[in-house]
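Just so you know, all these numbers are worked out from the coordinates, no wet-lab data involved. Keep in mind the model is a prediction, meaning the values are calculated, not measured. Glycine gets a Cβ as well: all are built from the backbone with ideal geometry, and neighbour counts include every protein chain shown.
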């Protein structure tokens, strides 16, 4: 009998996919990882929704629009352990540097008054998720269990964290792996 | 006979008039701090150096050492308090480390690393704070100011200029510049002043020097802040 693999779901909200790219820097260690791990909803699998029995959810990016809120809540509902991955998930990161500018001013600058804009109009398609007033860190929207700082966290951070968790140890990052940049 | 008190069970010699912080640094014991710098009059405002003296919380940088004191510096409770204080500093300002020139050399960041802080815990203020880049050699990014007053004290005590001050109280306090326009360019600040180089965070920066040290060679990339602080601030000697 083989032991059941641990289900991992991942997503990038208001992020740049840099954390996902860093995760892929695990390189040959990914081969060892998939011995113990099965990927559920993730850009790596193209599965659209979380199974209801995910073990670990890795979330990159902050929360900038209504869709991000729905996705984050889906992850919280379906993952036993939710992890904020990277600077943007932890404090909003670079997208949050819009937070002291009003949303109206942001939209006007990008779509109405900016240099070289033709046919200026604020995008208003029903398919587009509505922007939030601010970009929020994950922990201000749902309960987060662990935080992996870094921009991005290095592959070694993912490895240290996941191997600890898979071995049933309380994850602990050594000094060299805690970086906010 | 030398007078002594104890920190975490270790005998610390002191001279009359020394603070707990001064005696500890001289004896090679690190007490976490941000607003303290041995060059200047202690300010006692950041509260990171809070220790238990005979069971009561005191700021080590201002509290005088005395015979037979029993001081607790490192405990789970005190370090958790220090982490919460550091998290409050992070959410009160706008500290986006990946886009800050000071990253890797920043004492606020290094204290957070030292305390094993991985998140900011509290809701962020996302305050709108100004940047003053008017001076030819020095800039102030108020987003990163933690009101430690080191620049205020350096300007007053070392440079003899009074370029900086803290205005307002509590949540409304802010760093102000002593010039008619309120801008740095109209103040007496010179790029070589002590006050221009003393900021523990990335709030006061020297222009055209950013990112000159590569990642991996910055102050806190490998060294903990306790070792760096003791080497640069204390007169470390074997007891």
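Things worth noting here:
- Whichever residue in region B:92-114 is surrounded by fewer than 21 Cβ atoms within 10 Å (Cβ to Cβ), touching a helix residue (DSSP H, G or I) at 6+ places or on another chain (Cβ under 9 Å) and more than 8 Å from chain A (Cβ to nearest Cβ) and, among such residues, is nearest to residue B:201 (Cα to Cα): B:105
- Matching residues in region B:182-210 - criterion: being touching a strand residue (DSSP E or B) at 6+ places or on another chain (Cβ under 7 Å) and assigned to a helix (DSSP H, G or I): B:184, B:195, B:196
- Breaking point among (1) within 14 Å of another protein chain (Cβ to nearest Cβ); (2) within 15 Å of the chain's Cα centre (by Cα), for residue B:82: (1)
- Count of residues meeting criterion [within 17 Å of the chain's Cα centre (by Cα), buried (at least 20 other Cβ atoms within 10 Å of the Cβ) and within 14 Å of chain A (Cβ to nearest Cβ)] in region B:121-149: 3
- Within region A:140-164, being over 17 Å from residue A:89 (Cβ atoms) and out of contact with any helix residue (DSSP H, G or I) (no Cβ under 9 Å at 6 or more places or on another chain) holds for one residue alone: A:164.
- The residues of region B:193-215 that are touching a helix residue (DSSP H, G or I) at 6+ places or on another chain (Cβ under 8 Å) and closer than 26 Å to residue A:174 by Cβ, listed by number, are B:200, B:201, B:202, B:215.
- If the condition is being away from chain B (no Cβ under 13 Å), out of contact with any strand residue (DSSP E or B) (no Cβ under 8 Å at 6 or more places or on another chain) and either in a helix (DSSP H, G or I) or buried (at least 18 other Cβ atoms within 10 Å of the Cβ) (or both), then region A:138-181 contributes A:155, A:156, A:159, A:163, A:164.
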